[in-house]
Each structure stands twice: as C-alpha cells, then as structure tokens.
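Participant: Take a look at this one; I'll ask things after.
The values are calculated or read from the model by the stated rules, or taken from the named source; none is laboratory data. Nothing here was measured: the structure is a model prediction, and the numbers come from that model. Cβ sites come from the backbone with ideal geometry, for glycine too, and all protein chains shown count toward neighbours. Accessible surface areas use protein heavy atoms only, side chains included; no ligands, DNA or RNA. Shrake-Rupley method; radii C 1.70, N 1.55, O 1.52, S 1.80 Å.
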Amino acid sequence: MLAGYITNFKVAEEGAKKTIKIYLKYDGANSPVISSIERVSRPGCRVYVGQQEIPRVLGGMGINILTTARGVMTGRDAFKERIGGEILCRIW
C-alpha cells in the first residue's frame with residue numbers, strides 16, 4: 001500500500017520498542033509528492049461511512065485512509081472489499 005507517496009519504510013527495533021521509519025517520495029525537482037494531508041475524523045467528531053459513501057479525493061487523484069474491521073486501508077481497497085469504516089485522513 002505505498003500508493004505512490006512513499007518510497008520505502010523500515011521497522012526499527014530499539015530494545016523492546018519498535019518504530020516505523022517512513023521515507024517519503026520526492027519528484028525530479030526535489031519537491032515532495034504529497035501536497036497536503038487533511039485530518040477528517042477527530043476525537044470529538046468521528047466520521048464513519050459505508051462502502052457506497054466513501055468519497056473520492058480530487059476526482060481519484062488522492063487517497064482516503066480508513067480504519068475498518070479488517071484493518072487500516074485506503075478508500076479504494078475498502079470499496080473493493082465492500083466494507084466501510086472511519087475516515088482518518090485525506091492525502092493528495
């Protein structure tokens with residue numbers, strides 16, 4: 001699920017603690033591929049959607065990140081799996 005925004009990731013173990021290092025993607029002009037990240041659900045206002053209600057981001061140019069009963073996935077993957085969930089954020 002790299003979706004074209006991440007070049008690589010590593011799981012680093014520092015003793016009993018695990019961390020994930022994420023390497024973001026940059027284009028040829030050394031500018032970031034991610035233009036914006038927008039948080040949708042907040043602790044005071046959760047946003048839940050069904051499979052048919054998953055919105056498209058910029059006409060399909062961006063992605064939604066959802067948390068579902070089957071784990072964290074993109075909006076496209078959740079639609080294909082025919083499940084809804086809580087929209088965490090939009091990335092474009």
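Participant: When the residues of region 56-92 are filtered to those that are assigned to a loop (DSSP other than H, G, I, E, B) and either without any contact (Cβ under 8 Å) to a residue 12 or more places away in the chain or touching a Lys or Arg at 6+ places or on another chain (Cβ under 8 Å) (or both), which remaining residue is most open to solvent (accessible area, probe 1.4 Å)?
Facilitator: Narrowing region 56-92 to residues assigned to a loop (DSSP other than H, G, I, E, B): 56-57, 61-62, 69-70, 82-84, 92.
Next, from what is left, pick out any that are either without any contact (Cβ under 8 Å) to a residue 12 or more places away in the chain or touching a Lys or Arg at 6+ places or on another chain (Cβ under 8 Å) (or both): 57, 62, 83.
Details: Val57: 10, Gly62: 5, Ile83: 31 Å².
Across region 56-92, the extreme among qualifying residues is Ile83.
Participant: I would also like to ask the following. State whether the residues of region 79-91 include one that is of a type in the set (D, E, K, R) and within 11 Å of the chain's Cα centre (by Cα).
Facilitator: Residues of region 79-91 that are of a type in the set (D, E, K, R), as a first pass: 80-82, 86, 90.
From what's left, within 11 Å of the chain's Cα centre (by Cα): 90.
Yes, region 79-91 contains a residue that is of a type in the set (D, E, K, R) and within 11 Å of the chain's Cα centre (by Cα).
Participant: Do we find a residue being of a type in the set (A, V, I, L, M), assigned to a strand (DSSP E or B), surrounded by 10 or more Cβ atoms within 10 Å (Cβ to Cβ) and touching a residue at least 24 places away in the same chain (Cβ under 8 Å) anywhere in region 2-24?
Facilitator: For region 2-24, residues of a type in the set (A, V, I, L, M), assigned to a strand (DSSP E or B), surrounded by 10 or more Cβ atoms within 10 Å (Cβ to Cβ) and touching a residue at least 24 places away in the same chain (Cβ under 8 Å): absent.
Participant: Specify the residue that is nearest to Asp77 (Cα to Cα); the eligible residues are those in region 30-54 that are assigned to a strand (DSSP E or B) and of a type in the set (Lys, Arg). Give the steps one after another, and end with the answer.
Facilitator: From region 30-54, those assigned to a strand (DSSP E or B) are 32, 37-39, 42, 45, 48-49; that's our starting set.
Now narrow it down to the ones that are of a type in the set (Lys, Arg): 39, 42.
On the way: Arg39: 19, Arg42: 22 Å.
Per the criteria, the residue is Arg39.
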